[in-house]
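Data block below; observations after.
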Amino acid sequence: MESTRYRPLAAVREVLFILLALVWCIPFYYLAIVAVKPDMEVFTAPMSFPSTIVLGNFAEAWRGTGGVGLGEALLNSVIVTVGTVSLLIFLGSLTAYVIARNTQRIGGLLYVFFVVGIILPYQMAIVPLFSSLRSLGLVGNQIGMIVLFTGLLLPMAVFLYAGFMRALPHDYEEAAQVDGAGRGKIFFRIVFPLLRPVTATVAIMTGMIVWNDFFLQLIFLNGSSAQTLPVAMYGFVGEFTARWNMVFAAVCISIAPILAFYLFAQRRFMQGFTGGIKS
Amino acid sequence: MSSVVYNQVSKFYADGTKAVDALDLQIAEGEFMVIVGPSGCGKTTALRMAAGLEDISSGELSIGGKVVNALEPRDRDIAMVFQNYALYPHMSVFENIAFPLENQKLSREEIRKRVEGAAAILGLEEHLGRRPKNLSGGQRQRVAMGRAIVRRPKAFLMDEPLSNLDAKLRVQMRAEITRLQRQLGVTTLYVTHDQVEAMTMGHRIAVMRKGVLQQVGTPLELYERPSNIFVAAFVGSPAMNLLPATLAATADGLALVIAGQSLALPAALVMRLGLARYRDRQVIAGIRPEHLVPPGEGAATLPALRLEIVGSELIPPEQLVQLELWTEPLRTPSALDIVRDVDPVAAADLPRGSSTQPLVARCSSDRAFANGTADWGVVLEKLHLFDFETGKALGLSDSASAGGHGR
């Protein structure tokens, strides 16, 4: 067992990797120090350690901009994200079920239809999207955002679900059929629970996209009471001056929940990509 | 409990392959019917058509006197046990067994009572709260059985339910399923590729090959009166010895000539099989391993074949003696095809083209055999003869070879 012993070389390697890992922490370091800097020092000495630590920055950032507090913005972000993800899971799994279990050509065509949806750049359609959503009264509120994101991300959800479902053995469904279950029951009682790993993947991937999106939320929510975290943060960036310490403090506040969620769901996340069904 | 009747049921796919070809099969009320055959013979397709999981291309299938061709599986009132059990992994054993009852909209109380009843029959009481992944293979098998018996269906359909178990457990579950079926008296259709399972479990056996039903009968009927060389070779372990032979006329009547050795046929046998028509024609002779009598045993008048002993397998209390006959082995296209179906391993050896015909004899393990040539008695009363071209058994009326359709 000579090879498994802890040798000087292994120690060197370990130190190297720890240093490498530290590189990844540098942005967090700057995030933390800028967030607690006094206003002027952000411009005079942006990279240095703050001369005085101003924890009040967090309180001020929390008050938000444009009459929307960071707390409200956080709630708006949660509403939009949870709403979108729930709708995506429901619609995506059902659509993918039909596509994956359809033996006719239409199943394959529908699949291609959705995959094309992943490839097309939605930014090209932003002007017509804006005008049609505005005439529907869906600009500047959470429901409009949920509808928009669900439409944009459904192709990805369907793609992930369909891939997983194709590998799912038919036996469970056949057994349920023989056991006397109807179509709806087969899906919700048997198939959907078996999709749990990929449901977690869909939830995390789409959830992160929605949570982090800035472009669409700025266009559709700016100046409204429904503005979400990224938009609220952007409020600190004015026409003539940007209050970077406020932006950084707001970022600190906003990444906390997503970081907690990611640490909690990390294992599931991996499983969805790599795992299959274990009975 | 109801009968299950296949009336000219066929299944063909878009590319023209016939998975099941005009299957006629009646399973009586309370009967345990085993469908057996090599892989790809259409037995599972036949079963899945009864379950409603596979469309019926033509013909009629009825359960309990009612044609079910167009019915959804859930409207057929049948229960199925799958090869890999298909237990719902996210449900407990209780929920798994209760699932079919839930669909019948029974009261919670009634469901609990019946699930517990089924669990008691199968010895699963203490496992009801567990998940399938925490159960052993045998226990999973029992849960699958529980899910089938709990709703008292018209028929059980079982698709190789024992093939995922180890050998010892398989023997145990074999007995258990048989006992359960006899106890509940539910019409059962059981599919397997294992002829030992078929022989031990079924009231009757249906042998299929390439989508065509070969023969239906009780295990003993199939063993003693196989209707063609496929059934003869498939049923019984070790398989029947099949040898090319000629029926020659002699002064006393007819004799069977195998590799130049002549065995005078008893007049009763010639009468019974109507062999006079086959005079001077080539036939295939079938001798079961237990009908080869070791040298020096049996009556002195027993006709004998001179065979070379090449080895022996001891499985006390019996042994299987490997013998060889110096002759061109049976190589008709249909015979080769059958060997491929019955024993793929042996088929791989065939092209090497030996000029000896292997035989196996079954006798007591008390005696040791030295390699060399010896005279082995042949119990001619138990001899099987088949047409050299068609492989059909000689002397069998057409009605006896049920399902063959004269093909």
Requested in this report: Taking only region B:18-56 into account, find how many residues are within 14 Å of chain A (Cβ to nearest Cβ) and in a loop (DSSP other than H, G, I, E, B).
Outcome: 4
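If you check B:G253 against the conditions, is it in contact with a strand residue (DSSP E or B) (Cβ under 9 Å, 6 or more places away or on another chain), outside the structural domain of B:A19 (by TED's automatic domain parsing) and on the phi > 0 side of the Ramachandran plot? Don't jump to the end; show me each part of the working.
Numbers: in contact with a strand residue (DSSP E or B) (Cβ under 9 Å, 6 or more places away or on another chain): yes; outside the structural domain of B:A19 (by TED's automatic domain parsing): yes; on the phi > 0 side of the Ramachandran plot: yes.
The answer is yes for B:G253.
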**Report entry** Residues of region B:113-150 satisfying the condition of being within 14 Å of B:P89 (Cα to Cα) and not in a helix (DSSP H, G or I)
**Finding:** B:L128, B:G129, B:R130, B:R131, B:L135, B:S136
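Go through B:E60, B:E95 for me and flag whichever is part of a helix (DSSP H, G or I) and assigned by TED's automatic domain parsing to the domain that holds B:P161.
Working: B:E60 fails: part of a helix (DSSP H, G or I).
Going through B:E60, B:E95 in turn, just one is part of a helix (DSSP H, G or I) and assigned by TED's automatic domain parsing to the domain that holds B:P161: B:E95.
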Requested in this report: Sort out which residues of region B:194-242 are part of a loop (DSSP other than H, G, I, E, B), over 19 Å from B:L23 (Cα atoms) and in contact with a Gly (Cβ under 8 Å, 6 or more places away or on another chain), and write them in order of number.
Outcome: B:R225, B:M240
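Among the residues of region A:103-113, is there at least one that is within 14 Å of another protein chain (Cβ to nearest Cβ), out of contact with any strand residue (DSSP E or B) (no Cβ under 7 Å at 6 or more places or on another chain), part of a helix (DSSP H, G or I) and open to solvent by less than 50 Å² (accessible area, probe 1.4 Å)? Spell out the reasoning first.
Filtering region A:103-113 down to residues within 14 Å of another protein chain (Cβ to nearest Cβ) leaves A:103-105.
Pick out the ones that are also out of contact with any strand residue (DSSP E or B) (no Cβ under 7 Å at 6 or more places or on another chain) and you get A:103-105.
If we keep only those that are part of a helix (DSSP H, G or I) too, we end up with A:105.
Okay, now just the ones that are also open to solvent by less than 50 Å² (accessible area, probe 1.4 Å), so none.
The answer is no; no qualifying residue exists.
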Report summary line: B:S136 fails exactly one of (1) over 27 Å from B:R48 (Cβ atoms); (2) within 14 Å of another protein chain (Cβ to nearest Cβ); (3) open to solvent by 70 Å² or more (accessible area, probe 1.4 Å); (4) not basic (K, R), namely (3)
**Report entry** Filtered residue count, region B:87-117, keeping only those that are surrounded by 23 or more Cβ atoms within 10 Å (Cβ to Cβ) and of a type in the set (G, A, S)
**Finding:** 1
Report task. Kindly establish whether A:D171 is away from chain B (no Cβ under 14 Å) and of a type in the set (D, E, K, R). Result -> no
Requested in this report: Say whether the condition of being at pLDDT 85 or above, open to solvent by less than 50 Å² (accessible area, probe 1.4 Å), small (G, A, S) and assigned to a helix (DSSP H, G or I) is met by at least one residue in region A:48-56.
Outcome: yes
**Report entry** Selection within region A:123-146 - open to solvent by less than 70 Å² (accessible area, probe 1.4 Å) and part of a helix (DSSP H, G or I)
**Finding:** A:A125, A:I126, A:L129, A:F130, A:S131, A:S132, A:L133, A:Q142, A:G144, A:M145, A:I146
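Just for region A:213-267: of the residues that are charged (D, E, K, R) and part of a loop (DSSP other than H, G, I, E, B), which one is most open to solvent (accessible area, probe 1.4 Å)?
Narrowing region A:213-267 to residues charged (D, E, K, R): A:213, A:239, A:243, A:267.
From what's left, part of a loop (DSSP other than H, G, I, E, B): A:213, A:239, A:243.
Working: A:D213: 20, A:E239: 162, A:R243: 80 Å².
The qualifying residue most open to solvent (accessible area, probe 1.4 Å) is A:E239.
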Query raised in the report: Only one of (1) of a type in the set (F, W, Y); (2) surrounded by fewer than 21 Cβ atoms within 10 Å (Cβ to Cβ); (3) within 30 Å of B:N96 (Cβ to Cβ) fails for A:F159. Which number is that?
Result: (3)
Query raised in the report: Restricting attention to region B:118-133, which residues are open to solvent by less than 30 Å² (accessible area, probe 1.4 Å) and more than 25 Å from B:K168 (Cβ to Cβ)?
Result: B:L128
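Can you tell me which residue in region B:60-86 is most open to solvent (accessible area, probe 1.4 Å), limited to those that are away from chain A (no Cβ under 11 Å) and either of a type in the set (K, R) or touching a Lys or Arg at 6+ places or on another chain (Cβ under 9 Å) (or both)? Steps first, answer last, please.
Residues of region B:60-86 that are away from chain A (no Cβ under 11 Å), as a first pass: B:60-71.
Then keep just the ones that are either of a type in the set (K, R) or touching a Lys or Arg at 6+ places or on another chain (Cβ under 9 Å) (or both); that gives B:63-64, B:66, B:68.
Working: B:I63: 5, B:G64: 44, B:K66: 108, B:V68: 4 Å².
Among residues in region B:60-86 that are away from chain A (no Cβ under 11 Å) and either of a type in the set (K, R) or touching a Lys or Arg at 6+ places or on another chain (Cβ under 9 Å) (or both), the one most open to solvent (accessible area, probe 1.4 Å) is B:K66.
Suppose we filter B:V143, B:V212, B:V196, B:V171 for residues that are closer than 21 Å to B:D387 by Cα and not polar (S, T, N, Q); which single one remains?
Working: B:V143 fails: closer than 21 Å to B:D387 by Cα; B:V196 fails: closer than 21 Å to B:D387 by Cα; B:V171 fails: closer than 21 Å to B:D387 by Cα.
Result of the check over B:V143, B:V212, B:V196, B:V171: B:V212.
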Query raised in the report: Among the listed residues A:V210, A:V178, A:V191, which satisfies the condition of being touching a strand residue (DSSP E or B) at 6+ places or on another chain (Cβ under 7 Å), in the same structural domain as A:Y122 (by TED's automatic domain parsing) and of a type outside the set (D, E)?
Result: A:V178
Query - Yes/no for B:K43 being out of contact with any strand residue (DSSP E or B) (no Cβ under 9 Å at 6 or more places or on another chain) and among the charged types (D, E, K, R) - result: no
Report summary line: B:E290 passes all but one of the listed conditions (1) in a loop (DSSP other than H, G, I, E, B); (2) modelled with pLDDT of 90 or more; the exception is number (1)
**Report entry** Complete set of residues in region A:18-44 that are open to solvent by 30 Å² or more (accessible area, probe 1.4 Å) and small (G, A, S)
**Finding:** A:A21, A:A32
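Kindly indicate whether any position in region A:180-202 is assigned to a loop (DSSP other than H, G, I, E, B), away from chain B (no Cβ under 14 Å) and in contact (Cβ under 8 Å) with a residue 12 or more places away in the chain.
Applying the first criterion (assigned to a loop (DSSP other than H, G, I, E, B)) to region A:180-202 yields A:180-182, A:195.
After this cut, where a residue has to be away from chain B (no Cβ under 14 Å) as well, the list is none.
Looking through region A:180-202, none of the residues is assigned to a loop (DSSP other than H, G, I, E, B), away from chain B (no Cβ under 14 Å) and in contact (Cβ under 8 Å) with a residue 12 or more places away in the chain.
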Report summary line: Across (1) more than 14 Å from every other protein chain (Cβ to nearest Cβ); (2) in contact with a strand residue (DSSP E or B) (Cβ under 6 Å, 6 or more places away or on another chain); (3) open to solvent by less than 30 Å² (accessible area, probe 1.4 Å), B:H203 clears everything bar (3)
Query - Answer from B:L157, B:L180, B:L184 - the residue that is open to solvent by 40 Å² or more (accessible area, probe 1.4 Å), under 23 Å from A:G180 (Cβ atoms) and assigned by TED's automatic domain parsing to the domain that holds B:L61 - result: B:L184
Query raised in the report: Considering region A:57-81 alone, what residues qualify as being outside any helix (DSSP H, G or I) and open to solvent by less than 60 Å² (accessible area, probe 1.4 Å)?
Result: A:G64, A:T65, A:V68, A:G69
Report summary line: Checked against (1) under 34 Å from the mean Cα position of the chain (by Cα); (2) more than 13 Å from chain A (Cβ to nearest Cβ), B:P100 satisfies every condition except (2)
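Residue by residue, here is whether (1) in contact (Cβ under 8 Å) with a residue 40 or more places away in the chain; (2) more than 18 Å from B:D387 (Cα to Cα) holds:
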position	(1), (2)
B:L275	yes, no
B:G286	yes, no
B:L292	yes, yes
B:G296	no, yes
B:I309	yes, yes
B:L323	yes, yes
B:W326	yes, yes
B:T332	yes, no
B:I338	yes, no
Report summary line: Among (1) farther than 16 Å from A:L87 by Cβ; (2) part of a helix (DSSP H, G or I), A:V210 falls short only on (1)
Requested in this report: State whether one or more residues within region B:100-112 are in contact (Cβ under 8 Å) with a residue 12 or more places away in the chain and not in a helix (DSSP H, G or I).
Outcome: yes
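The values are calculated or read from the model by the stated rules, or taken from the named source; none is laboratory data. This structure is a prediction, so every number in the text was calculated from the model and none was measured. Because the Cβ atoms are built from the backbone with ideal geometry, glycine has one as well, and the counts that use them run over all protein chains shown. Ligands, DNA and RNA are stripped out before the accessible areas are found, and what is left, the full protein with its side chains, is counted by its heavy atoms. Shrake-Rupley method; radii C 1.70, N 1.55, O 1.52, S 1.80 Å.
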